[in-house]
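Some notes on the structure that comes next.
The values are calculated or read from the model by the stated rules, or taken from the named source; none is laboratory data. If you're wondering where the values come from, they're calculated on a predicted model, not measured in any experiment. Positions of Cβ are backbone-derived with ideal geometry, glycine not excepted, and every protein chain shown enters the neighbour counts.
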């Protein structure tokens with residue numbers, strides 16, 4: 001990798017027809033085949049780039065960078081949806097969100113880092129692992145390598161510290177969007193772009209600011225009404241836009257702008273088109289995308305070692321054996337890790353997070369418990385707040401969230 005990134009359609013109505021940003025996200029927006037396809041495209045793009053590099057085709061680097069940028073856009077969009085669901089259920093937007101993110105990201109990352117360190121696996125198939133200091137190991141386990149200037153133990157791990165550190169800001173960005181709407185988010189987008197050009201020059205530890213616009217692109221998509229507004233464009237516009245953006249970024253950009261600015265262009269292209277495209281309805285493709293999206297975090301962290309075993313460890317063996325090994329490990333390792341590490345830890349995080357109720361929700365529940373069955377509630381003369389009304393719409397358990405990993 002290069003150093004800089006180390007279902008019905010109708011006419012769009014007037015502004016008054018735009019969806020309210022203070023309403024909970026409907027389930028159809030959460031279970032979005034288009035978002036599954038976007039995430040699947042991102043992880044397969046990264047895999048293809050690394051496969052090309054492993055086979056000696058060096059032109060894969062920019063393609064891989066595009067895949068990671070798409071991950072950032074996707075992650076921030078679905079986490080806006082996640083925050084909306086937390087709010088609708090009365091969970092704490094900060095504590096519950098951070099707990100869920102911790103149990104979603106760290107367990108698998110720790111398992112992978114520990115395995116690489118214990119067995120001294122290479123950083124990449126083409127990149128032997130140098131001796132590792134204790135500080136480097138700790139920085140990788142805590143996903144703070146960019147803050148303490150330590151090398152990652154596996155190449156894909158460079159993006160996880162950036163993502164984890166952006167999590168800190170997302171609940172507050174969501175609240176700003178809820179308060180000030182799309183106009184407030186546009187202001188934040190402009191500020192993020194300015195900060196992305198200035199702050200990295202102040203300190204390398206502020207390099208994360210370079211990627212803030214990529215995350216803000218996903219936030220912008222959400223507050224433009226993704227899944228909650230008219231979609232006049234046919235589905236085919238969606239994959240064509242994503243593919244065209246990747247190819248232009250990797251091979252066609254004139255390089256008149258700094259590379260990171262061109263990266264923002266890719267992110268905002270996807271962000272601005274996404275809300276207007278109809279959902280994917282071709283079931284075989286939707287199902288395939290959903291499966292890849294479900295296991296995408298494991299694919300992202302383990303695909304290099306599938307390539308390494310197939311083409312380095314088995315070097316000199318038959319081509320059939322090498323490619324068969326690649327397919328088995330590429331598919332098998334993520335599935336194994338999802339069901340033994342990811343899914344159980346996600347469940348634990350969800351159970352812990354549910355204990356942290358929003359302040360207003362807890363008070364509402366206490367008052368409701370104090371009213372005897374069959375009796376009228378005490379007259380207070382106050383109208384219920386909008387927050388109480390939103391929380392009252394929450395029903396049942398949290399729906400599965402297949403989208404929210406690099407994540």
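Considering segment 12-51, and only residues there that are at pLDDT 50 or above and outside any helix (DSSP H, G or I), the residue that is farthest from residue 266 (Cα to Cα) turns out to be 31.
Taking the condition out of contact with any strand residue (DSSP E or B) (no Cβ under 7 Å at 6 or more places or on another chain), farther than 28 Å from residue 101 by Cβ and part of a helix (DSSP H, G or I), does residue 337 pass?
No: the conditions fail for residue 337.
Entry remark, segment 59-98: residues being farther than 22 Å from residue 32 by Cα and modelled with pLDDT under 95 number 14 in total. Residues in segment 97-108 that are closer than 16 Å to residue 144 by Cα and buried (at least 22 other Cβ atoms within 10 Å of the Cβ): 101, 105, 108. Restricting 206, 182, 191 to those that are surrounded by fewer than 23 Cβ atoms within 10 Å (Cβ to Cβ), touching a helix residue (DSSP H, G or I) at 6+ places or on another chain (Cβ under 7 Å) and either at pLDDT 95 or above or not in a helix (DSSP H, G or I) (or both) reduces the list to 182. Within segment 310-340, the residues that satisfy the criterion of being within 30 Å of residue 171 (Cβ to Cβ) and surrounded by 18 or more Cβ atoms within 10 Å (Cβ to Cβ) are 334, 337, 338.
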